[in-house]
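One structure is given here, and the rest of the page talks about it.
The values are calculated or read from the model by the stated rules, or taken from the named source; none is laboratory data. Owing to the predicted nature of the structure, the values given are computational and were not obtained by experimental measurement. Here the Cβ is made from the backbone with ideal geometry for all residues, glycine too, and neighbour counts use every protein chain on show.
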């Protein structure tokens, strides 16, 4: 009886320890102290962030240089929503010399042309800027999921509109789920920015990715709460070239 009691006590202690470790890891992840990806700095030396009003007031002087080679700033969402901190963030990114780009959160329940008009009315055309980004994901989107061909048609309409205005081929920001359900084999002529917080991404239908969001709850100086962390798949010359408009013959 005594031996059985000891075994039960040991089992209970092991369960409690495992639960404690699990809770600690989860808590560390939630506050940005633990993450799954740590991209090699030699392979991916150029790192940046993407921000919206959720990051609040940014202390631009405090941003660490190793995380501020580039920045993407939320501009618009859907057919009429404009991020309330876009202009402030856009102007400050220029003031502090960051390579900057703007992104649009694409909703399922508005026409692509209407969403493009919202973005174009909000984001100024600059001689030096990163390409426009079409953020397409399930999280925070309309509840109803569109048919594949219908969504592709609206996305293409948005892409064509903004490319004509900004003279840059837009980048598709995608999650693995959205890419698998709607975009695999369909946007091979557009660059991709992929979100994968668990593994380094790879594709079966294209040569690779341009940007990789490797963490969605990162912590850096200058920003109070969590922020998305990204790497660029290229060197400084490639990032510089990406900011230039496409020249037409």
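Key figures
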item: Condition check for residue 54: part of a helix (DSSP H, G or I) and in the same structural domain as residue 233 (by TED's automatic domain parsing); result: yes
item: Close pairs from region 140-154: first farther than 21 Å from residue 81 by Cβ and assigned by TED's automatic domain parsing to the domain that holds residue 189, partner modelled with pLDDT of 95 or more and not in a loop (DSSP other than H, G, I, E, B), Cβ under 7 Å, at least 6 apart; result: 148/182; 152/182
item: Subset of region 90-120 [touching a strand residue (DSSP E or B) at 6+ places or on another chain (Cβ under 7 Å), under 22 Å from residue 150 (Cβ atoms) and without any contact (Cβ under 8 Å) to a residue 40 or more places away in the chain]; result: 105, 107
item: Residues (farther than 28 Å from residue 185 by Cβ, outside any loop (DSSP other than H, G, I, E, B) and in contact with a strand residue (DSSP E or B) (Cβ under 6 Å, 6 or more places away or on another chain)) located in region 221-249; result: 227, 229
item: Hits in region 88-119 - residues which are under 19 Å from the mean Cα position of the chain (by Cα), assigned to a helix (DSSP H, G or I) and closer than 21 Å to residue 56 by Cβ; result: 89, 90, 93
item: Residue within region 107-120 that is under 16 Å from residue 243 (Cβ atoms) and assigned by TED's automatic domain parsing to the domain that holds residue 187 present; result: no
